[in-house]
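Please treat every number below as a calculation from the coordinates, not as lab data. Just so it is clear, the structure is predicted and the values come from calculations on it, not from any experiment. Note that we place each Cβ from the backbone using ideal geometry, even for glycine, and neighbour counts take in every protein chain shown.
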Amino acid sequence: MLRNQIKESDWKIFKELRPLALDRYCKRVMEDVEKTIHQSNKDSHTRYIEMYKTVKEGDKKLAQMFDGYSRSKAVEQLLLYYSNDLLTDEEFARLSDETREQILSILEIMRG
């Protein structure tokens with residue numbers, strides 16, 4: 001279970017990490033779109049449909065990870081950033097032991 005409130009020190013770090021994670025995520029989706037657009041072995045209509053699906057799915061995940069900028073959602077969002085490789089190990093290490101352990105234990109449960 002996620003704690004509803006994040007420590008003040010982790011909240012300050014979260015506010016720095018959030019725009020980095022958002023930029024990385026958007027870049028990743030745009031790179032996926034670019035790969036789709038340049039698939040020369042597929043016709044334009046097929047590439048368009050694949051591009052649309054990539055953007056639609058990317059937008060859905062973007063909302064899941066970044067909507068609701070609040071202290072009560074910060075740990076959940078950090079968990080999503082970390083599990084989607086949007087934070088470096090060094091950035092993740094900046095968080096308190098308590099927050100890192102909470103995220104890692106949830107990930108362990110999720111991975112079964």
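Can you list which of the chymotrypsin sites (Phe, Trp or Tyr not before Pro) found in the stretch 68-112 are DSSP loop residues with at most 12 other C-beta atoms within 10 Å? Can you show the working numbers first?
Working: sites: Tyr69, Tyr81, Tyr82, Phe92; in loops: Tyr69.
When the chymotrypsin sites (Phe, Trp or Tyr not before Pro) of the stretch 68-112 are filtered for loop state and at most 12 Cβ neighbours within 10 Å, Tyr69 remain.
DSSP loop chymotrypsin sites (Phe, Trp or Tyr not before Pro) in the stretch 6-58 with at most 16 other Cβ atoms within 10 Å of their Cβ, which ones?
none
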#### Entry: Sequence of Ser72, Ser83 once ranked by neighbouring C-beta atoms within 10 Å, starting from the fewest
Ser72, Ser83
### Query
Given that compact globular proteins tend to follow 2.2 N^0.38 Å, what is the ratio of the alpha-carbon Rg of the chain to that value?
1.26
